[in-house]
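Here's the structure we're looking at; comments come further down.
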Amino acid sequence: MAGVLAVALMAPAPVAPEYVALGDSYASGAGAGSYSGGSCRRSANAHPALRGKDFPSFRFVACSGATTRSLKPQFKALSPATTLVTVTVGGNDLGFADVMTTCTLKGDRACVSRVAKAVKFIHEQLPARLDATYATIRSSAPAAELVVLGYPRLFTPNDRCRTLSAAKRAALNGAADQLSEVTAAAVARAGARYVDVRQAFAGHGVCSGEPWINALVSPTDDSYHPNKAGQAAYFQALTSSLW
């Protein structure tokens, strides 16, 4: 009996689940309201905040404007005790804000040209950046399950949206598809899990009857980002992927 007790006392204590949420504005919840974290604009309605309620330890460090190359401060939240990591990143690397500004303020030709430049970046430079990002997460939190959430298409096809022309919408949706495919391939190389949210957002684009993505709004930083319902859809997609 004494021997059993000694073994029990020597056994390591069970590790409490720890969730760390990394990434950019789509992860921080910009567009969904109820912000904290200053310029990082972390929303209480963001999918990490909703998921984090189920964890005894939750570190929400996603920050609006983040790129794969600016995540170093966020990586500090990771540790060997981390059991779940989610991240959405890459859109700002290819100039999401500049792309949307160009397509909003300029004509079809300028928009399509700027999108083509972003697509070139997606294929030529982004894969290596994503590989490095996921490798750093893996080395910093070796026991964690890594879940990468992608980006939705901004527009519902044939929605007769007056916000942007059909040519602009088609170019932007096409870029979203290529970004998703390249990200999914990088996630597979990392042995992680990819959550593709494009189907979840189908029929809920910017100009749909029930939009889950903001159109051009004030403040402008909320524009073309998931609203509260969109973040709820992200949460559902994330939760479903973990079962």
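Here are some notes:
- Top-ranked residue of the stretch 193-243 - restricted to ones that are of a type in the set (Ser, Thr, Tyr) and assigned to a loop (DSSP other than H, G, I, E, B), ranked as most open to solvent (accessible area, probe 1.4 Å): 218
- Against the numbered list (1) surrounded by fewer than 17 Cβ atoms within 10 Å (Cβ to Cβ); (2) within 16 Å of the chain's Cα centre (by Cα), residue 148 comes up short only at (1).
- When residues in the stretch 31-52 are screened for being out of contact with any helix residue (DSSP H, G or I) (no Cβ under 8 Å at 6 or more places or on another chain) and under 12 Å from residue 63 (Cβ atoms), 4 of them pass.
- Remark: pairs (first residue in the stretch 56-84, open to solvent by 70 Å² or more (accessible area, probe 1.4 Å); second residue among the charged types (D, E, K, R); Cβ separation under 8 Å; 6+ apart in sequence or on different chains) = 56/18; 59/18; 69/93; 69/129.
- Listed by first and then second residue, the pairs with beta-carbon distance under 9 Å, at least 6 apart or on different chains, first residue in the stretch 214-232 and closer than 20 Å to residue 49 by Cα and of a type in the set (A, V, I, L, M), second open to solvent by less than 50 Å² (accessible area, probe 1.4 Å) and not in a loop (DSSP other than H, G, I, E, B), are 232/47; 232/50; 232/226.
- All positions within the stretch 6-24 that are at pLDDT 95 or above and open to solvent by 10 Å² or more (accessible area, probe 1.4 Å): 18
- Evaluation of residue 153 against (1) closer than 22 Å to residue 64 by Cβ; (2) surrounded by fewer than 20 Cβ atoms within 10 Å (Cβ to Cβ); (3) among the basic types (Lys, Arg) (one fails), failing number: (2)
The values are calculated or read from the model by the stated rules, or taken from the named source; none is laboratory data. In this text the structure is predicted, and so the values were computed from the model without any measurement. Neighbour counts run over all protein chains shown; Cβ positions are idealised from the backbone, glycine included. Heads up: the accessible areas ignore ligands, DNA and RNA and are worked out on the full protein's heavy atoms, side chains in. Shrake-Rupley method; radii C 1.70, N 1.55, O 1.52, S 1.80 Å.
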